[in-house]
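Novice: This structure is in structure tokens; I'll ask about it shortly.
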Amino acid sequence: MITLGSLFSGIGGLDLGLERAGMTVRWQSEIDPYCVKILEKHWPNVKRYGDVTKIEWSGVEKVDCLCGGFPCPPVSVAGKRRGQEDTRWLWPHFREAIRNLRPRWIVAENVPGLLSANLGREFGSILKDLAQLGYDAEWGLFPCCALGAPHTRERVFIMAHPASCRLEGNLREAIAQAIRYLPPETLDTWHDIRAGFNQWKVIMATPNFSRNAHGFPDRTHRIKAIGNAVAPQVGEVIGRTIVRIFGDGE
């Protein structure tokens with residue numbers, strides 16, 4: 001059994017994908033009340049921590065894999081891109097979790113803007129932190145459309161493991177290869193959605209009605225949560241690759 005700890009869990013998109021790949025979620029950390037309700041519904045028996053900035057890591061269960069999509073506004077092209085000067089830059093807390101828990105695998109997610117913010121300095125600082133903690137890292141841009149989704153939603157995934165555990169081949173290429181051969185059952189839902197979009201010749205990301213119209217309370221919370229979520233299908237192929245490597249003795 002590969003145990004999983006989740007930071008910046010949101011509504012659990014990445015957790016769900018890694019769980020589908022064979023991992024077992026042991027704990028989650030999320031501060032948004034609406035997202036916490038979603039996590040409580042789907043993972044009722046999993047321990048949850050609130051604000052990641054206030055966690056005492058000495059009391060947290062160590063896990064095999066630590067995952068999380070830390071907040072993107074500091075590096076997103078839609079914002080001011082202040083990087084480490086932005087109070088929402090929470091990578092240091094991810095780093096502290098790694099330092100204390102020493103997981104065998106790390107899966108971190110963010111927007112493509114992470115690679116270019118401040119001429120790449122923020123991304124470089126993450127790689128430096130991982131190296132100083134004794135981890136080798138690989139990264140890649142993985143889009144949802146590679147799995148049959150009707151939208152691009154390209155995201156950066158950083159995969160890291162202890163430098164003492166040498167891997168055969170390139171993890172990033174292995175994941176890209178896995179995406180090409182994802183089992184058909186994982187794609188069925190997206191294929192159905194895409195067929196519907198093709199029929200109506202329109203993709204409406206945000207329906208044109210107010211927050212509480214048509215019996216949809218808290219719709220703005222839902223849109224925000226889904227917009228911040230990791231597509232489970234992408235998390236699944238990354239997880240499958242990691243699980244396979246674990247099975248080979250790593």
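The values are calculated or read from the model by the stated rules, or taken from the named source; none is laboratory data. It should be emphasised that the depicted structure is a prediction, and the values quoted were computed from it without experimental measurement. Using ideal geometry, Cβ is built from the backbone for each residue, glycine included, and neighbour counts are taken over all protein chains shown.
Novice: Would you please name the residue that is modelled with the highest pLDDT, looking only at residues in the range 138-154 that are under 16 Å from Gly69 (Cβ atoms) and either aromatic (Phe, Trp, Tyr) or touching a Leu at 6+ places or on another chain (Cβ under 7 Å) (or both)?
Specialist: Filtering the range 138-154 for residues that are under 16 Å from Gly69 (Cβ atoms) and either aromatic (Phe, Trp, Tyr) or touching a Leu at 6+ places or on another chain (Cβ under 7 Å) (or both), the one modelled with the highest pLDDT comes out as Trp139.
Novice: Looking only at the range 57-116, which residues are on the phi > 0 side of the Ramachandran plot and in a loop (DSSP other than H, G, I, E, B)?
Specialist: Within the range 57-116, Arg81, Arg102 qualify.
Novice: With Trp57, Trp105 as the choices, which residue is within 27 Å of Ala163 (Cβ to Cβ) and buried (at least 17 other Cβ atoms within 10 Å of the Cβ)?
Specialist: Checking each option against the conditions leaves just Trp105.
Quick grid of which residues meet (1) under 17 Å from the mean Cα position of the chain (by Cα); (2) among the hydroxyl-bearing types (Ser, Thr, Tyr):
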| position | (1), (2) |
| --- | --- |
| Thr53 | no, yes |
| Val60 | no, no |
| Ser76 | yes, yes |
| Gln84 | no, no |
| Leu101 | no, no |
| Glu122 | no, no |
| Ala131 | no, no |
| Ala137 | yes, no |
| Phe142 | yes, no |
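Novice: May I pose another question? Every residue in the range 12-54 that is assigned to a strand (DSSP E or B) and surrounded by 15 or more Cβ atoms within 10 Å (Cβ to Cβ), please.
Specialist: Met23, Val25, Arg26, Trp27, Gln28, Ser29, Tyr49
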